[in-house]
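S.K.: Below: one structure in C-alpha cells.
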Amino acid sequence: MVGLFVSVAHGAAIAPEMALQQITSAEFGNLRSIAGWLRQHGRDGYVGADVADAMGIPRQESEELLEARQRGFRSDDELRIAQISADEKRDFLLFMVQQPNDQVYFYFSTVREGLKKAFVSIPSKNLVMPLDRLEAEARFQREVRYWGDRIESK
C-alpha cells in the first residue's frame, strides 16, 4: 500500500467537533501499542491534504501529503487502514474502515488524548457526516480492539 487512497469529498462540510468521552486507560495502552507497532512494522505511506484538513491535522499550505507509517488489512469486504505520523512533531493516529456499502469511516485520534473526531464519508453522494458521540465512541473502541488483537497475533 502506497498511501491512503480514499479521499474525503471536496466541498463537503464537516460539523464542529463534538464532545467525545475519554477512553479507558486500557484503550490508551492499546493506542500506545498500536502506535509503536506502526512505527516499527508500518510501511511508508501518506495522508492526503484533504483528509488532513477534514480531520484538523495542522499542515503547511504547501504540503499536499503528510508522511505516515501505515498498515492495512482486508477481511471479507472491509478494508482497514491504520496510520501514524512519520513526523514525530505531529501527533495523530488515524483509522479508516472502507465498507462495501460505499461508506468509509474515519477516526482521528492522538496517542495522548484518544479519539478526537469521527466521521463517515459516502463518496458516491459527495457527502461527509460526523458520527454522533455514542456511535463514534463505540466504533472507535471496536477499531482499537481490532488493531490491538491484530498486533497480538503477529
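Computed from the coordinates by the stated procedures, all read-outs in this text should not be read as laboratory data. These numbers come from a predicted model, not from an experiment. Neighbour counts are summed over all protein chains in view; Cβ atoms, including those assigned to glycine, are modelled from backbone coordinates with ideal geometry.
S.K.: Label-point separation (nm) for ARG43 and GLU63, each offset 7 Å from Cα along Cα-to-Cβ?
M.R.: 2.3
S.K.: Testing the spin-label approximation: label points 7 Å from Cα along Cα→Cβ at ASP50 and ARG32. State their distance in nm.
M.R.: 3.7
S.K.: In nm, to one decimal, how far is the ARG112 label point from the LYS89 one, both placed 7 Å along Cα→Cβ?
M.R.: That separation, rounded to one decimal, is 1.5 nm.
S.K.: Then there's this: Rounding to the nearest 20 debye, state how big the charge dipole of the range 40-154 is about its Cα centre with +1 on each Lys and Arg Cβ and -1 on each Asp and Glu Cβ.
M.R.: For this selection, approximately 320 debye.
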